[in-house]
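So the structure is just underneath, and the comments pick up after that.
The values are calculated or read from the model by the stated rules, or taken from the named source; none is laboratory data. These figures come from a predicted structure and were not determined experimentally. Note that each Cβ is placed from the backbone with ideal geometry, even for glycine, and that neighbours are counted across all protein chains shown. Ligands, DNA and RNA are stripped out before the accessible areas are found, and what is left, the full protein with its side chains, is counted by its heavy atoms. Shrake-Rupley method; radii C 1.70, N 1.55, O 1.52, S 1.80 Å.
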Amino acid sequence: MSSRTTETFAAGGHAHEHVSDPKAVKDQIEQDIYASVGKPGRLFWIALALSLGAVGIGAVCWAYQIYTGLGVAGITNPVGWGVYIVDFVFWVGIAHSGTLISAILFLFRAKFRSKFNRAAEAMTVFAVLTAGLFPLVHLGRVWFFYWLFPYPNQRLLWINFRSPLIWDVFAVSTYLTVSVVFWYIGLVPDISLARRLKQVKEGKIARVLYGIFSGGWSGSFKEWQHYGQLYKYMAALAAPLVLSVHSVVSWDFAMGVVYGWHTTIFAPYFVAGAIFSGCAMVLTLVIPMRKIYRLEKYISIDDLEKLAKLLMFTGLIVGYAYIIELALAVYSGNVYEYEQFMYRMGGDYAWAYWTMMICNIGTPLLLFFRKLRRSIAFLFAISIPVNIGMWFERFNIIIISLAKDFDPYAFGLYTPSLIELGITLGSFGWFFTYYLGFTRTLPVLSVTELKEEVEHGR
Amino acid sequence: MEYRFDNKKDFMEKLEALFKDGMRLKRMKIYMPHPEHDVEHLVEKYEKPSRLKFFTLVGGLTGCLTGFAFTTYTVFSWPLVTGGKPFISIPPFTVIAFELTILLGALFSFAGIMILARLPKISKMFAEEVHGNEYIIIIDDAR
């Protein structure tokens, strides 16, 4: 196999450059992508140890909280929703770009999606798994979590379907299920290829697992025919789902009468923010992955630049929403709303507000410079402040709004306790543990889709 | 009889010739390394298209109906006014119905591929059969 043909494909022309030997290129793609599956190096073990260490800290903190009671968290009157809910919204938000990239960009036939979709979908699944922990962590008696499920209680009363918290249960669990199914469908053909990898020896448990999860996929025409249909419909179902899930999360707040929450722009504002943070997290994850697994041939700077443009675009929407929110507070003439925003900008938590403003409005503007947009180091560097800024956005919305309500007698401040911060750290460990496991057991790019592109040109 | 091709063009020419000769999917097996829309269009000139869409449709409708029916059932199962809202509160129930439309639409579609493509095939899970990156047509000579 001459590497020239592959390079033609990767660097590849926008035109339908005819690949001289498509089969050889496809074989090479398989070889390159599956190279990451198998025996991990030292860097992997260090990263895994750090992640698991963080999970350990989080687990100890949570165990302590369950044993002692919710009093060990900093939440109190009037700030009854603290860092746990901030983390919940943050992780649900991270989850959003995965389905955006896999479903919405699929429907729009945006070619660069095939470079990120597998990693982004994996990120989605793991981020929802992380987010799902926080409503549980936030419960004083976590063993009663099933009270949220729709079934009648001892007095035959059903749950209240008018409560946004119940919508949230439905939205997030639907999102988790659909993302897992969508991810798995894309993976099935790739898993069936993994069965015959050199690294996976006969009789090894890994081989058996790949066999089972492949479902006996053989690549017959019938299978591909239904697969094509299925993928299309799943994308069509998942696209409105993405928009709905973070809208529902935003209604957890917007349905309340608290000033700073009770706004009609919350749904689109949250969705844009979610995609913004999700794209940043994709950059955080994919850039090191591309380097470590030597995927430069497949994920080009052009592809990363497209993602950067998406980041910039959603960043602009987020910035617009921040300004509209302020403008409405001033223009509405509502004294509580006005005071709330003055308090955000100049009150006890002004540092958090301005951190958010600088990270989320300031940094994406730098992406207007083509040179910076095409610098991989810069893209990685910028993804971190965006993640931090988006965490603070949720902090501002949730905590500042609650700290200063209608009645001055009921004003109060909140400081996260060490337990809350420990659990937050644990959530990052939990997320990265899954992600690291994914990069070593499954192909990090969709081999099937890359092969398809060989035939169709890019 | 078995035909193997390295490239799509030759494969499609052969396939078209076979179909024109009256060969049908019932009597042959086609293997491809990845989905191919051109091949799908070709085959669908002679064969029925995938019926997966009915699974999606039925799933989506079931979800939507379940969402409204279930919420309505629960409010009348113990009528209790909450927040001064009408018993059947359409806007909030729409959220539940919407989520269930998507959920069941997706799950039914997934069940659809399992049923239509006869998956999972346990015998093939551990089979050594390797098709690689070739396009293969296998014709059943028995009949």
Only residues that are assigned to a helix (DSSP H, G or I), among the polar types (S, T, N, Q) and out of contact with any Leu (no Cβ under 8 Å at 6 or more places or on another chain): list them for region A:410-447, please. A:THR424, A:THR439, A:THR441
How many residues are open to solvent by 20 Å² or more (accessible area, probe 1.4 Å), more than 10 Å from chain B (Cβ to nearest Cβ) and under 30 Å from A:GLY58 (Cα atoms) when one looks only at region A:136-173? 14
Would you mind stating whether A:THR76 is modelled with pLDDT under 95 and open to solvent by less than 20 Å² (accessible area, probe 1.4 Å)? no
Matching residues, region A:425-445, being over 16 Å from the mean Cα position of the chain (by Cα) and closer than 23 Å to A:GLY140 by Cα: A:LEU425, A:GLY426
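Restrict the check to region A:267-276 and report whether at least one residue is farther than 30 Å from A:LEU436 by Cα and either surrounded by fewer than 18 Cβ atoms within 10 Å (Cβ to Cβ) or in contact with a Gly (Cβ under 7 Å, 6 or more places away or on another chain) (or both).
Checking region A:267-276: at least one residue is farther than 30 Å from A:LEU436 by Cα and either surrounded by fewer than 18 Cβ atoms within 10 Å (Cβ to Cβ) or in contact with a Gly (Cβ under 7 Å, 6 or more places away or on another chain) (or both).
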Just one of (1) more than 22 Å from A:PHE149 (Cα to Cα); (2) out of contact with any Lys or Arg (no Cβ under 9 Å at 6 or more places or on another chain); (3) more than 9 Å from chain A (Cβ to nearest Cβ) trips up B:TYR46, so point out which. (2)
Out of B:PHE70, B:PHE110, B:PHE76, B:PHE93, report the one residue that is at pLDDT 90 or above, exposed (fewer than 15 other Cβ atoms within 10 Å of the Cβ) and outside the structural domain of B:ASP21 (by TED's automatic domain parsing). B:PHE76
So if I check each of A:GLY98, A:GLY132, A:GLY69, which one is farther than 28 Å from A:LEU310 by Cα and either modelled with pLDDT under 95 or touching a strand residue (DSSP E or B) at 6+ places or on another chain (Cβ under 9 Å) (or both)? A:GLY69
Does region B:29-44 include one or more residues that are modelled with pLDDT under 90, assigned to a loop (DSSP other than H, G, I, E, B) and surrounded by fewer than 16 Cβ atoms within 10 Å (Cβ to Cβ)? no
Residues that are within 30 Å of A:ILE400 (Cα to Cα) and in contact (Cβ under 8 Å) with a residue 24 or more places away in the chain, drawn from region A:214-253: A:LEU241, A:VAL242, A:LEU243, A:SER244, A:VAL245, A:HIS246, A:SER247, A:VAL248, A:VAL249, A:TRP251, A:ASP252, A:PHE253
Taking A:GLU420 as the residue in question, decide whether it is closer than 30 Å to A:LYS309 by Cα and in contact (Cβ under 8 Å) with a residue 12 or more places away in the chain. no
Counted residues in region A:174-194 being more than 8 Å from every other protein chain (Cβ to nearest Cβ) and either closer than 23 Å to B:ALA117 by Cα or open to solvent by 60 Å² or more (accessible area, probe 1.4 Å) (or both) come to 12
Flag for B:LEU103 being within 7 Å of chain A (Cβ to nearest Cβ), under 17 Å from A:ALA238 (Cβ atoms) and under 23 Å from the mean Cα position of the chain (by Cα): yes
